[in-house]
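Below is one structure, written out as structure tokens, with a few remarks after it.
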Amino acid sequence: MKRTLKSQRQLRIGEQIKQLISEVITLGDFRSSELRSGLITVIEASISPDLKNARVFVISQNKKNIAKYLNKERFIFQNQIAKKLKLRHVPKITFQLDKTFDYADKIEKLLKDPKVIKDL
């Protein structure tokens, strides 16, 4: 897997998209009732080098399939991005469930295992 450093423009636009999507989620103007109920947190927005695609990582306390519902209503977010950000192309938004916290919990449980503790 090739990892490249992100440009300042990618980082700036990613943060702007993250903030804008958070605002839209807070307003809660969705057709889907699954999105109106519950807390949704935007963790990160990662934008491609050509600025045409953006992956937005989200978590929700009680819904594991929240990304599916957000992807169904991505046009709302893309519409707001087109209105508020001055970009040549509106990035295609793809929502993904952020598994960082699940992974950290798994590692923490492994480290607390008695078999592992005696080896440390």
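The values are calculated or read from the model by the stated rules, or taken from the named source; none is laboratory data. Here the structure is a predicted model, which is why all the values come from computation and not from measurement. Using ideal geometry, Cβ is built from the backbone for each residue, glycine included, and neighbour counts are taken over all protein chains shown.
In the range 71-105, what count of residues is obtained for those that are surrounded by 17 or more Cβ atoms within 10 Å (Cβ to Cβ), in contact (Cβ under 8 Å) with a residue 40 or more places away in the chain and aliphatic (A, V, I, L, M)?
4
State yes or no: is LEU20 surrounded by 13 or more Cβ atoms within 10 Å (Cβ to Cβ), touching a residue at least 60 places away in the same chain (Cβ under 8 Å) and more than 16 Å from ASP98 (Cβ to Cβ)?
yes
Hey, among the residues in the range 53-70 that are surrounded by fewer than 18 Cβ atoms within 10 Å (Cβ to Cβ) and modelled with pLDDT of 95 or more, which one's farthest from GLN96 (Cα to Cα)?
Once the filter is applied, the top-ranked residue is ASN53.
Can you report the number of residues in the range 71-95 which are at pLDDT below 95, among the β-branched types (Val, Ile, Thr) and under 15 Å from PHE30 (Cβ atoms)?
Residues in the range 71-95 being at pLDDT below 95, among the β-branched types (Val, Ile, Thr) and under 15 Å from PHE30 (Cβ atoms): 1 in total.
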